Amino acid sequence: MDNKAFPETFTLSDGQSISIRPIRPTDAPFLVQMFEHLSERTRRLRFHSYTGNLPRRRIWREAIALSSLDPALQAALVALNQDEQVVGVARFARTTADAVEAEAAIVVRDDFQRKGLGTHLLKRLMPIARSMGIERLFAWVMADNLHMLQIIKKANLPVRRETRSGETLVVVSLPP
């Protein structure tokens with residue numbers, strides 16, 4: 001990842017300034033904090049399951065794993081508000097260093113949704129993926145997650161969709 005392009009300042013549609021940078025292992029506590037600020041609906045749409053009774057130890061374990069990346073396989077960006085709280089995360093992961101397809105995910109804290117942040121994070125993630133030789137990003141999106149499907153549509157790239165059992169597989173081809 002070209003760290004020279006970061007940190008980046010992005011202005012939301014409501015005028016708030018957000019700082020965007022690559023995730024760091026020291027971000028684990030901030031990921032836990034963000035998770036605790038997500039509504040149950042946002043959690044369900046992102047994680048595809050009920051997360052209300054997760055043990056705190058498991059939440060911490062996941063946050064540590066998500067913030068400690070293997071740079072050959074993964075990349076992630078965090079969006080921070082003026083208080084240095086993580087309010088959005090965009091990431092991708094591939095299974096092997098030579099895989100040309102990677103699974104992507106984006107989550108934005110509820111009070112920062114519908115302000116352009118998710119769309120911007122996806123747009124910033126795509127060239128990073130391309131620089132790693134990734135040709136396609138894919139995501140399993142809950143069929144009722146219309147907002148995420150709209151974010152993908154706004155990317156204005158070739159998209160293939162297939163819906164099964166309430167989930168939509170979305171595959172985005174990245175420009176060369």
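How about segment 99-176: which GluC sites (Glu not before Pro) there lie in a loop by DSSP and see at most 16 other Cβ atoms within 10 Å?
Here the sparse-neighbourhood loop sites are 135.
Please give every one of the lysines within straight-line cross-link reach of residue 4, meaning a C-alpha to C-alpha distance under 18 Å, and leave out same-chain neighbours fewer than 8 residues apart.
Partners within reach: 123.
Let me check against my output: what whole-number percent is the relative contact order of segment 120-168, with C-alpha pairs under 8 Å and at least 6 apart?
43 percent
Starting at the first residue of segment 164-173, write each ³J(HN,Hα) from the Karplus equation 6.51 cos²θ - 1.76 cosθ + 1.60 with θ = phi - 60°, in whole Hz, x for Gly and Pro.
9, 6, x, 10, 10, 7, 10, 10, 10, 7
Mind sorting 42, 11, 26 by how few other Cβ atoms lie within 10 Å of their own Cβ, fewest first?
In order of increasing Cβ crowding within 10 Å: 26, 11, 42.
Using the number of other C-beta atoms within 10 angstrom as an exposure proxy, rank 146, 80, 31 with the fewest first.
Lowest to highest Cβ neighbour count: 146, 80, 31.
Explain nothing, just the number: dipole magnitude of the chain about its Cα centre with +1 on each Lys and Arg Cβ and -1 on each Asp and Glu Cβ, in debye rounded to the nearest 20.
240 debye
Amide H of residue 135 versus every other amide H placed in the peptide plane: which residues, excluding those fewer than 5 positions away on the same chain, fall under 5 Å?
The answer is 101.
Which log10 I(q)/I(0) values, to two decimals, does the chain give at q = 0.09, 0.11, 0.15 Å⁻¹ under the Debye formula with one point per Cα?
-0.29, -0.44, -0.86
Using the Karplus equation 6.51 cos²θ - 1.76 cosθ + 1.60 (θ = phi - 60°), what ³J(HN,Hα) coupling, rounded to whole Hz, does each residue of segment 106-116 give in order, writing x for Gly and Pro?
Rounded to whole hertz, the list is 9, 9, 10, 4, 3, 6, 10, 6, 6, 10, x.
Tell me, in nm to one decimal, what length is gained between residue 146 and residue 72 on full extension, where the rule is 0.36 nm per residue of separation less the Cα-Cα distance?
Taking residue 146 through residue 72 to full extension adds about 23.5 nm, to one decimal.
With a point put 7 Å past each Cα toward its Cβ, work out how far residue 16 is from residue 33 in nm, to one decimal.
1.4 nm
Since every read-out is calculated from the coordinates, none of them should be taken as a lab result. Computed from a prediction, not measured in an experiment: that's the story for all the values here. Heads up, the Cβs are rebuilt from the backbone with ideal geometry, glycines too, and the neighbour counts pull from every protein chain shown.
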